[in-house]
Amino acid sequence: MIAHWSKRALNFKQPAGTSRGVMKTRDIWIITLSDKGKTGIGECAPLPGLSLDNIDQIESKLGEVCKNPHLYINDLSILNEFPSIRFGLEMAELDLRNGGNQNYYGSIEPIKINGLIWMGNLDFMMHQVEQKLTEGWKCIKMKIGALEFDKELEILQSIRSQFGKDNLELRVDANGAFTVSDTNEKLNRLAEFDLHSIEQPIKPGQWELLSELCQKSQVPIALDEELIPLIDEKDRIKLLEKVIPQYLVLKPTLLGGFFESKKWIQLAEERNIGWWVTSALESNIGLNAIAQWTSKMQPKGFQGLGTGQLFTNNIPSPLNVDQGILSSNNSPIWNDVNQFISDWYSPNDEMTLHTSGSTGSPKSIQVKKEWMRNSANLTGKTFGLKEGDSTLLCMPMKYVAGTMMVVRALELGLDLTIVEPSSNPLEGISEQIDFAAMVPIQLENSIDQLDKVKTLIVGGGQVDPKLIKRLQNVPTDIYETYGMTETLTHVAIKQLNGSNKSKFFQALDGVHFEVDDRGCLVIHTPMLNPNPIVTNDLVDLADEASFRWLGRVDNVINSGGIKIIPEVVEAKLTAVISDRRFFIAGVPDESLGKKVILIIEGEKLDISLESLNKYEKPKEIYFIRKFIETESRKIDRMGTIKFLKSILV
């Protein structure tokens with residue numbers, strides 16, 4: 001077993017205020033366990049000033065754990081002083097044991113959650129409240145203790161004037177902001193608003209006062225920070241029997257993981273104390289694990305698991321929140337995405353990618369993660385992508401186009417929407433997408449919905465000239481890309497619409513081209529691959545940074561000593577064969593060596609060949625009901641020709 005850790009900084013979309021201060025960023029540490037080709041992933045997310053973990057020693061302790069993971073896995077109590085590391089290791093081991101794919105406790109049943117109102121000025125907090133109410137949340141939790149108390153009461157009054165307790169559950173969280181002298185008065189005034197509960201009204205450690213408050217307060221009290229330092233079960237029992245709270249707030253990250261949190265649940269239920277689970281500003285990796293565990297525990301009431309949307313650069317996740325309901329997207333593509341994310345954070349500095357087989361036999365190649373990062377950054381620079389921009393993954397993860405969309409999201413901090421690959425990927429998309437990638441068939445089927453996308457790149461095959469004509473009045477900036485698995489997607493682009501429309505591909509920064517003695521393109525892209533990449537693509541090279549693509553050298557037909565490029569002939573025929581797929585091919589001929597034939601999909605039709613010169617005109621025209629396709633739905637030319645021969649025999 002190999003263990004590995006890496007650090008990631010998460011940036012809040014807006015400052016997150018509590019009575020302890022305001023956070024703009026927070027650090028997490030991701031830990032992976034790899035064994036026998038599988039990788040499990042966990043997250044260590046200590047909160048400075050709240051966690052027991054010594055933040056300054058986190059990385060040195062993680063280093064110790066990764067040197068001998070078995071020692072710590074076999075006895076997690078060794079990490080009692082580092083509960084966030086204990087939790088992360090427990091997560092990673094669970095995931096690995098279950099085969100990876102961020103599978104900790106299985107599927108998630110929909111979970112009711114509260115909407116969180118962060119501290120700030122009055123206008124900021126009221127804006128959050130109005131937004132949550134408009135979105136249809138049934139439970140709201142408001143952080144209090146930073147504004148003047150009367151201002152906070154004003155917000156609560158505004159909420160209650162619109163929604164009674166039967167229509168909206170209202171909670172508050174003081175994070176220990178109340179003092180000995182003002183607690184009773186504040187609790188009495190809060191009682192006017194039919195609150196479900198208040199979390200941690202006073203600072204931890206004041207058990208006598210806390211016990212008195214729990215007995216007398218008209219607002220039920222939930223213990224939160226009070227639980228964190230209690231590691232020994234005897235101390236936990238002593239607290240519960242002394243204070244007798246109405247509720248416990250369980251944060252696995254701060255309590256040492258799922259096993260320790262379950263101990264708290266057992267102690268609470270034995271004493272008829274309610275409980276709910278709350279995240280502690282983890283990334284989506286930790287939140288996903290906590291949601292799976294919470295679903296398995298079948299809690300009552302609203303849970304505090306709505307923090308996944310707080311960061312601009314969170315990690316892609318199948319979790320969705322709609323009107324206060326947390327659920328998980330069970331589309332099969334998420335298994336591939338989750339496993340890729342785990343592998344991305346594993347210690348291996350290389351990954352295996354698979355070619356599509358459209359220009360030859362499919363094969364596997366090894367590429368360095370450093371090259372993939374460089375490619376992601378190059379795309380970001382080319383299209384002006386910035387952290388928090390929305391992107392769409394709608395292609396299979398087994399090919400580089402899908403894989404690199406996830407890498408861009410991870411490296412650039414993009415907000416990635418993921419849908420199961422289909423021919424019409426925008427059909428279920430309601431939000432605006434800043435950047436997306438498609439293959440030509442997806443583009444063709446999405447034309448009427450392209451206003452949802454700001455910038456679109458299209459690869460995986462030539463874009464039909466007829467389709468390009470239909471794009472001219474589309475507001476989306478659409479680019480055809482040139483690239484392959486070996487170049488980690490595109491190294492050149494040409495705009496298909498707008499004022500910068502071009503027939504020539506332009507190299508991305510740091511990429512340059514030449515041609516070999518066959519007239520085929522040679523790519524120099526040292527940041528993506530240290531070796532020149534020799535292609536079989538015939539091009540018209542304008543200069544070292546731009547070219548016009550002509551066709552594949554392996555498709556060239558030598559007919560009677562004349563070389564004919566099928567793709568050039570096909571481009572001429574698009575004007576007369578407007579609604580069918582077709583291609584030009586060469587077949588053996590006794591007198592010419594090879595003769596040009598035209599194969600058209602569908603029923604017979606009359607065709608004018610006047611646009612072709614005498615050498616380009618096909619000697620035979622064949623009609624086939626359905627072309628043979630590759631796995632990626634491109635025309636399989638050789639397979640179709642083979643099929644044609646079989647039916648002509």
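The values are calculated or read from the model by the stated rules, or taken from the named source; none is laboratory data. Nothing here was measured: the structure is a model prediction, and the numbers come from that model. Positions of Cβ are backbone-derived with ideal geometry, glycine not excepted, and every protein chain shown enters the neighbour counts. Heavy atoms of the whole protein, side chains included, go into the accessibility calculation; ligands, DNA and RNA do not. Shrake-Rupley method; radii C 1.70, N 1.55, O 1.52, S 1.80 Å.
Any residue at all in region 176-184 that's of a type in the set (Gly, Ala, Ser), within 14 Å of Leu248 (Cβ to Cβ) and surrounded by 15 or more Cβ atoms within 10 Å (Cβ to Cβ)? Step through it out loud before you land on a result.
Start the filter on region 176-184 by keeping residues that are of a type in the set (Gly, Ala, Ser), which leaves 176-177, 181.
Narrowing further to those that are within 14 Å of Leu248 (Cβ to Cβ): none.
No, there is no match, as no residue in region 176-184 is of a type in the set (Gly, Ala, Ser), within 14 Å of Leu248 (Cβ to Cβ) and surrounded by 15 or more Cβ atoms within 10 Å (Cβ to Cβ).
The condition of being at pLDDT below 95 and touching a Lys or Arg at 6+ places or on another chain (Cβ under 7 Å) holds for only one of Thr355, Thr307, that being Thr355.
As a summary of the residue check, Asn314 satisfies the conditions (1) within 28 Å of Ile113 (Cα to Cα); (2) out of contact with any strand residue (DSSP E or B) (no Cβ under 7 Å at 6 or more places or on another chain) except for the one numbered (2). Listed conditions (1) closer than 30 Å to Asp636 by Cβ; (2) touching a strand residue (DSSP E or B) at 6+ places or on another chain (Cβ under 7 Å); (3) surrounded by fewer than 20 Cβ atoms within 10 Å (Cβ to Cβ); (4) in contact (Cβ under 8 Å) with a residue 24 or more places away in the chain are all met by Asp336, apart from (2).
Out of region 193-224, which residues are outside any helix (DSSP H, G or I) and open to solvent by 10 Å² or more (accessible area, probe 1.4 Å)? Hits for region 193-224 are Asp194, Leu195, His196, Lys203, Pro204, Gly205, Gln206, Ser217, Gln218, Pro220. With respect to Thr25, is the statement that it is in a strand (DSSP E or B), in contact (Cβ under 8 Å) with a residue 60 or more places away in the chain and among the polar types (S, T, N, Q) true? For Thr25, the condition - in a strand (DSSP E or B), in contact (Cβ under 8 Å) with a residue 60 or more places away in the chain and among the polar types (S, T, N, Q) - is not met.
Quick one: which residue in Lys503, Lys494 is charged (D, E, K, R), closer than 20 Å to Leu550 by Cβ and touching an Asp or Glu at 6+ places or on another chain (Cβ under 8 Å)?
Working: Lys503 fails: touching an Asp or Glu at 6+ places or on another chain (Cβ under 8 Å).
Checking each option against the conditions leaves just Lys494.
Whenever a residue of region 54-76 is basic (Lys, Arg), its partners that are modelled with pLDDT of 95 or more, lying with C-beta atoms within less than 8 angstrom and at least six residues away or across chains, give the pairs Lys61/Leu79; Lys61/Phe82; Lys61/Ile85; Lys67/Ala3.
Among the residues of region 131-150, how many are in contact (Cβ under 8 Å) with a residue 60 or more places away in the chain and open to solvent by less than 30 Å² (accessible area, probe 1.4 Å)?
To start, the set of residues in region 131-150 that are in contact (Cβ under 8 Å) with a residue 60 or more places away in the chain comprises 135-139, 141, 143-146.
Pick out the ones that are also open to solvent by less than 30 Å² (accessible area, probe 1.4 Å) and you get 136-137, 139, 141, 143-144.
So the answer is 6.
Gln128 satisfies every condition listed in (1) over 24 Å from Val321 (Cβ atoms); (2) surrounded by 17 or more Cβ atoms within 10 Å (Cβ to Cβ) except (1).
Of the residues making up region 61-82, those that are hydrophobic (A, V, I, L, M, F, W, C), assigned to a helix (DSSP H, G or I) and either surrounded by 13 or more Cβ atoms within 10 Å (Cβ to Cβ) or in contact with a Gly (Cβ under 9 Å, 6 or more places away or on another chain) (or both) are Leu62, Val65, Cys66, Ile73, Leu76, Ile78, Leu79.
Only residues that are out of contact with any Lys or Arg (no Cβ under 7 Å at 6 or more places or on another chain), farther than 23 Å from Asn284 by Cα, β-branched (Val, Ile, Thr) and assigned to a helix (DSSP H, G or I) were counted in region 364-411, giving 2. Screening Arg373 on (1) of a type outside the set (A, V, I, L, M); (2) open to solvent by less than 50 Å² (accessible area, probe 1.4 Å); (3) within 30 Å of His4 (Cβ to Cβ) shows it passes everything except condition (2).
Of the residues making up region 37-53, just one is under 24 Å from Met1 (Cβ atoms) and among the polar types (S, T, N, Q), namely Thr39. Restricting to region 486-499, name every residue that is out of contact with any Lys or Arg (no Cβ under 9 Å at 6 or more places or on another chain) and of a type outside the set (A, V, I, L, M, F, W, C). Across region 486-499, the qualifying residues are Glu486, Thr487, Thr489, His490, Asn497, Gly498, Ser499.
Could you tell me whether region 428-440 includes any residue that is assigned to a strand (DSSP E or B), of a type outside the set (Gly, Ala, Ser) and over 28 Å from Glu350 (Cα atoms)? It would help to see each step written out before you state the result.
Here is the first cut: in region 428-440, the residues assigned to a strand (DSSP E or B) are 433-438.
Filter once more, keeping what is of a type outside the set (Gly, Ala, Ser): 433-435, 438.
Applying the additional criterion that residues be over 28 Å from Glu350 (Cα atoms) yields 433-434.
Scanning region 428-440, I find at least one residue that is assigned to a strand (DSSP E or B), of a type outside the set (Gly, Ala, Ser) and over 28 Å from Glu350 (Cα atoms), so the answer is yes.
The condition of being over 28 Å from Lys469 (Cα atoms) and in contact with a strand residue (DSSP E or B) (Cβ under 6 Å, 6 or more places away or on another chain) holds for Pro532. Against the definition (within 16 Å of Ile231 (Cβ to Cβ) and open to solvent by less than 60 Å² (accessible area, probe 1.4 Å)), how does Leu50 come out, yes or no? When the stated conditions are applied, Leu50 passes them. Ile231 passes every criterion in (1) within 16 Å of Leu248 (Cβ to Cβ); (2) buried (at least 21 other Cβ atoms within 10 Å of the Cβ) apart from (2). Taken together, Ile85, Ile58 contain a single residue that is open to solvent by less than 10 Å² (accessible area, probe 1.4 Å), more than 25 Å from Asn103 (Cα to Cα) and touching a strand residue (DSSP E or B) at 6+ places or on another chain (Cβ under 8 Å), which is Ile58.
Is it the case that Leu168 is open to solvent by less than 20 Å² (accessible area, probe 1.4 Å), more than 26 Å from Gly21 (Cβ to Cβ) and within 35 Å of the chain's Cα centre (by Cα)? Judged against the criteria, Leu168 is a match.
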